[in-house]
1. Only one residue in 311, 281, 300 is away from the ligand (no atom under 16 Å from the Cβ) and within 19 Å of the chain's Cα centre (by Cα), so which one is that?
2. What residue, of 254, 237, 223, is in contact with a His (Cβ under 9 Å, 6 or more places away or on another chain), of a type in the set (A, V, I, L, M) and modelled with pLDDT of 95 or more?
3. Tell me which residues, restricted to segment 125-157, are away from the ligand (no atom under 14 Å from the Cβ), part of a loop (DSSP other than H, G, I, E, B) and open to solvent by less than 20 Å² (accessible area, probe 1.4 Å).
4. Quick one: residue 294 ticks every box in (1) open to solvent by 10 Å² or more (accessible area, probe 1.4 Å); (2) over 24 Å from the mean Cα position of the chain (by Cα) bar one, so which box is it?
5. For segment 345-359, give me each residue that is open to solvent by 60 Å² or more (accessible area, probe 1.4 Å) and near the ligand (Cβ under 8 Å from one of its atoms).
6. Just one of 241, 222 is touching a residue at least 40 places away in the same chain (Cβ under 8 Å) and outside any helix (DSSP H, G or I); which is it?
7. In segment 158-205, which residue that is touching a residue at least 40 places away in the same chain (Cβ under 8 Å), of a type in the set (Ser, Thr, Tyr) and open to solvent by 10 Å² or more (accessible area, probe 1.4 Å) is nearest to the ligand (Cβ to nearest atom)?
8. Just to be sure before I move on: is residue 308 assigned to a loop (DSSP other than H, G, I, E, B) and open to solvent by 70 Å² or more (accessible area, probe 1.4 Å) in the structure I sent?
Amino acid sequence: MGDSSKYVVFNEMTQLPKVVEASGNKYSVIEGVIGELMSLHGISEAYYIGCGSSYYAALGGAIPLLRSPLNMKTLTQPASEFLFYYSDLVGRRIQRGKSIVVLFSRSGETKEVLLALDESRKRGAKTIGFTCSKGSYLDRNADYSIVVEECLEEGVYMTKSFAALYLLGTLTSIAMLRLNNIHVDLNLSREITLLKEALVNVSSGVRALEDIAAKTISKKAFAILAPGNLYPVALEASLKFKEIAYTFSEAIHALEFRHGHNALLERRNELQLIVLSLSKDSSHEKTLNLYRELAARGFDALLFSDESTADYFIPWSGGVYLAPIAYILPLYYIAFLRSLLLGYNPDKPMHISRVVLSI
Ligand code: F1P
């Protein structure tokens, strides 16, 4: 399929292991920040916000907190929704200073994120900025800023920055739990090593993904079905199918597909389903049943999972929390390869901009 390595966006995808390493190294800084906030004011509510891919990173990063027994109000929202509907709630019912707003933005300049930052500070929340851009507005103005410069892409598309921001969000949630004496079953350095290995394995097996991109090229639309913490990755992949390959795509919580979406059987020739499942996740058996049911009904469905019997095997042997970062990479490659097959140049994105500077 031509020489993929001449494309900037392809090379950036191969750099995910490097940014995972750099972001993983930020754990002690993050733990220090959360520890300081807890000892200064206590933390009673946390908002994780961003836009586009950065919002999906926020959504995934909050999952360990949302699923924990910690009694803390936690909300994930796109920065615009936060501004319109939630920013006035910050600190209203609680002592000022006890709310934290964690803002995710590769550029650190997205307008909604900046407005959300200003609004949160005005209301007395403590703010943490996660960005790839040193000296950006977010970096300069958040109470605490963590910058992973290695994750800043040369191209427009967020790929390695999504992985980095997702990881920083997850580490924040884990630090919050641990500092509240809630056990998190995760050996971080081992998990980071496994993640890097899995990403390297995906990149060295791009051939299999070329086959999938070629086999599905006649499809007009993609739906990515994913349960639990794979859902933010389905959203992110779905955005990449639009951004890189100009293809209609949708993310669906896996079992929700049965609730109406089945009607698309009528257009099965145009639709490609990709089902994501993780063997260690509590949803796995039901998701596999769904996949079999969809195939039996006549849908073209591909199963991506960490079991060797899957249509695409994701070489993941770690735990649940970091798995989504391993799952996103093959989907990035497919969007890229599809774009090439459709005759586009993925290094020349159309109709989108790197940063949205107005609202
Ligand atoms: C995020 C974002 C991207 C999207 C587009 C515009 O920006 O929405 O996800 O692909 O290019 O920007 P940022 O706040 O992370 O810089």
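1. Unique residue meeting the criteria: 281.
2. 223
3. Matches in segment 125-157: 125 only.
4. Unmet condition: (1).
5. Those that are open to solvent by 60 Å² or more (accessible area, probe 1.4 Å) and near the ligand (Cβ under 8 Å from one of its atoms): 352, 353, 354, 356.
6. Result: 222 is the single residue among 241, 222 that is touching a residue at least 40 places away in the same chain (Cβ under 8 Å) and outside any helix (DSSP H, G or I).
7. The selected residue is 203.
8. Here the answer is yes, as residue 308 does meet what is asked.
The values are calculated or read from the model by the stated rules, or taken from the named source; none is laboratory data. Note that the coordinates shown come from a computational prediction; the quantities given were computed from them, not determined experimentally. Ideal geometry is used to build each Cβ from the backbone, glycine not excepted, and the neighbour counts take in all protein chains shown. Only protein heavy atoms, including side chains, enter the accessible area calculation; ligands, DNA and RNA are left aside. Shrake-Rupley method; radii C 1.70, N 1.55, O 1.52, S 1.80 Å.
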